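Contents: one structure, followed by commentary.
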Amino acid sequence: MIEFRDFSVSYPAGSAPALRGIDLVVPRGQFCAVVGAGGAGKTTLAGVVSGAVPHLTGGRIDGEVRVDGKSLTNGRMAELAAQVGLVMQNPFHQISGARFSVREELAFGLENLGVERAEMHRRIDRVMADLRLTGLAERSPYEISGGQQQLLAIGSVLVMRPAVLVLDEPTSQLDAVGSRLVFDALETVRAQGVTIVLCEHRTELLARHAERVLVLEEGRLVADGRPEEVLVDPRLEEWGVAPLRYTVAARRAAESGRWPDGRALPTTLEAAVEGFAATPRPTVRAGEAL
Ligand code: ATP
């Protein structure tokens with residue numbers, strides 16, 4: 001469980017706080033997405049949960065953040081690293097450069113921790129099977145696709161058995177195929193009870209996969225709810241988040257009575273198709289303009 005209690009942080013160089021008065025509880029095993037405009041504080045929130053803010057960046061904090069009861073702000077970075085894993089935007093930058101194969105790359109962090117060999121192989125085999133990396137075990141980390149490299153970055157974190165996986169825009173450098181690989185992997189990770197905090201500004205895949213969406217605006221938490229509630233909120237654009245095309249199409253249709261009365265606006269293609277199929281057809285008489 002992650003708990004923010006009236007938490008604010010200001011960077012040393014920054015004038016305004018990057019996060020302001022955040023109160024938030026993310027239960028264990030939840031897949032929680034964080035959206036917001038550029039500069040809203042998503043990366044800062046990811047940094048706080050992973051311990052990088054303020055431990056590596058410096059800065060002034062108020063309030064408290066805990067993971068499974070342990071304080072992130074007072075705890076030591078090494079202890080946090082064991083609890084929380086961070087995956088960043090560019091998979092290429094997360095490869096150690098010190099290993100020749102996917103299997104060896106997955107072993108890197110475990111070797112540094114001194115994990116016993118048999119246990120190390122057990123964990124690596126399990127993660128490779130879970131993330132469908134087994135067929136790539138002997139390939140160079142530099143000769144696999146961007147999506148597969150991002151899976152490798154996720155795998156390198158998962159072998160450490162963190163309670164929380166934080167991802168900061170992990171699909172921003174990937175194409176549609178790579179993005180789908182990452183989201184499929186996150187479903188597997190969620191099924192194992194790992195808490196997921198995913199900062200992302202593209203909402204299409206979130207609508208399908210996340211259980212909860214938080215919206216940040218200028219460091220404040222301005223919305224918090226299920227994706228099908230938050231992503232159809234009429235204020236979404238004001239918060240700097242582009243509404244989904246399915247929502248936009250249905251909202252326009254609703255304005256001219258071509259969406260079923262009282263039906264929620266859709267956030268997925270399937271919900272849009274169902275809604276339009278349930279729309280009563282206008283009766284058109286011969287010779288009458290539509
Ligand atoms: P983006 O989508 O552009 O990555 P974001 O929502 O992740 O934005 P943050 O990167 O968390 O937002 O930035 C929040 C605020 O903190 C911004 O005003 C930003 O300029 C400032 N900020 C971020 N990192 C630092 C830093 N290391 N030092 C000083 N100010 C910073």
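The values are calculated or read from the model by the stated rules, or taken from the named source; none is laboratory data. Note that the coordinates shown come from a computational prediction; the quantities given were computed from them, not determined experimentally. Cβ coordinates were reconstructed from backbone atoms using ideal geometry, including for glycine residues, and neighbour counts include every protein chain displayed. Quick note on the areas: whole protein, heavy atoms, side chains included, nothing else; ligands and nucleic acids left out. Shrake-Rupley method; radii C 1.70, N 1.55, O 1.52, S 1.80 Å.
Annotations for the structure displayed:
- Largest mean-square fluctuation among Arg132, Arg226, Arg117, in a Gaussian network model of the chain whose springs join Cα atoms under 10 Å apart, belongs to Arg117.
- Size of electric dipole in the chain: Cβ of Lys, Arg +1 and of Asp, Glu -1, about Cα centre, debye, nearest 20: 220
- 5 Å binning of all Cα-Cα separations within the chain, expressed as whole percents from 0 upward: 1, 5, 11, 14, 16, 14, 12, 9, 6, 4, 2, 2, 1, 1, 0, 0, 0
- Dipole-positive endmost among Ser172, Thr279, Gly219 within the chain (Cβ charges, Cα centre): Thr279
- Helix 117-130 axis, angle to the chain major axis (alpha carbon atoms, nearest 10°): 10
- Å² of accessible area per residue within the chain, as computed with a 1.4 Å probe and no ligands counted: 49
- Among the GluC sites (Glu not before Pro) found in the range 76-143, those both in a DSSP coil and sparsely packed, with 12 or fewer other Cβ atoms within 10 Å of their Cβ, are Glu116, Glu138.
- Cβ-based charge dipole, the chain, positive-most Cα from Ala191, Leu236, Ser8: Ala191
- The chain - share of DSSP beta bridges that are antiparallel (%, nearest 5): 50
- Whether the range 56-206 is rounded, prolate or oblate, judged on the alpha carbon gyration tensor where a/c under 1.5 counts as rounded: oblate
- Loop trypsin sites (Lys or Arg not before Pro), the range 1-92 (other Cβ atoms within 10 Å of the site Cβ: 11 or fewer; DSSP): Arg76
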